[in-house]
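A.B. asks: One structure is given below, represented as structure tokens, and several questions about it will come after.
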Amino acid sequence: MIAPADRSKIEAAAARVAATFHGVRYMVTDVERACDFYTTRLGFDLEHQHLPEFATVALGPLKIHLSGPGASGSRPLPGGERQDAGGSNRVVLRVKDLAATIEALRGAGAAFRNSMESGPAGKQIQVLDPDGNPVELFESARDG
């Protein structure tokens, strides 16, 4: 159980958080190369860039903040821990024809982390951006 004084502090902190989604941050080694991948292969728009440190690409309301080695969002954490690209967290993009999307991306030289998987909700695969950040492509079973 949370003490009333602690609950008040938690509620005050939560009230300062904007109730809107700002974006997803991905660490990259080359911001310009990452921008090219997201805009030419996945259909994002280039919203902002400050090369070589930072750029934002957008697909509708989704914004991916691409942070290069010199960006403030990629500085080492307390204790010196580096923030690196990759991992298992990922953006999920819904597509209408996953097989055709995979074929087009393979033809453009994209790398995949896995093979297409199928489950009760649909099919998915993970394509890797040039720095190894995964982007999941998902086709809903309801779309078929």
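Here, each number is a calculation from the coordinates, and none is a lab measurement. Computed from a predicted structure; not experimentally measured. Note: ideal-geometry Cβ built from the backbone for every residue, glycine included; neighbour counts use all protein chains shown.
A.B. asks: Write down the Å³ per residue value for the convex hull defined by the alpha carbon atoms of the chain. Before the final figure, lay out each step's value.
C.D. replies: Values: hull volume 24.9 nm³, N = 144.
Looking at the chain, the number lands at 173 Å³ per residue.
A.B. asks: Picking from His50, Asn89, Leu66, whose Cα lies most toward the positive end of the charge dipole for the chain (charges on Cβ: Lys, Arg +1; Asp, Glu -1)?
C.D. replies: Asn89
A.B. asks: Magnitude of the Cβ-charge dipole of the chain, K/R +1 and D/E -1, about the Cα centre, nearest 20 debye? If you can, show how the numbers build up before the last one.
C.D. replies: Working: 16 positive and 18 negative charges, 77 e Å.
The calculation lands at about 380 debye.
A.B. asks: Ok, one more. Tell me the mean residue ellipticity at 222 nm calculated for the chain from its helices only (DSSP H runs of n ≥ 4, each -39500 (n - 2.57), averaged over every residue, nearest 500). Walk me through the numbers before you get to the answer.
C.D. replies: On the way: 3 runs with 33 residues, N = 144.
Taken over the chain, the calculation gives -7000 deg cm²/dmol.
A.B. asks: If you find the alpha carbon centre of segment 75-144 and of segment 19-48, how far apart are they in angstrom?
C.D. replies: Using only Cα atoms, the two centres lie 14 Å from each other.
A.B. asks: On to the next question. Only Cα pairs under 8 Å and at least 6 apart count here; give the relative contact order of the chain as a rounded whole percent.
C.D. replies: Numbers: 234 pairs, mean separation 28.9, N = 144.
About 20 percent, as a whole number.
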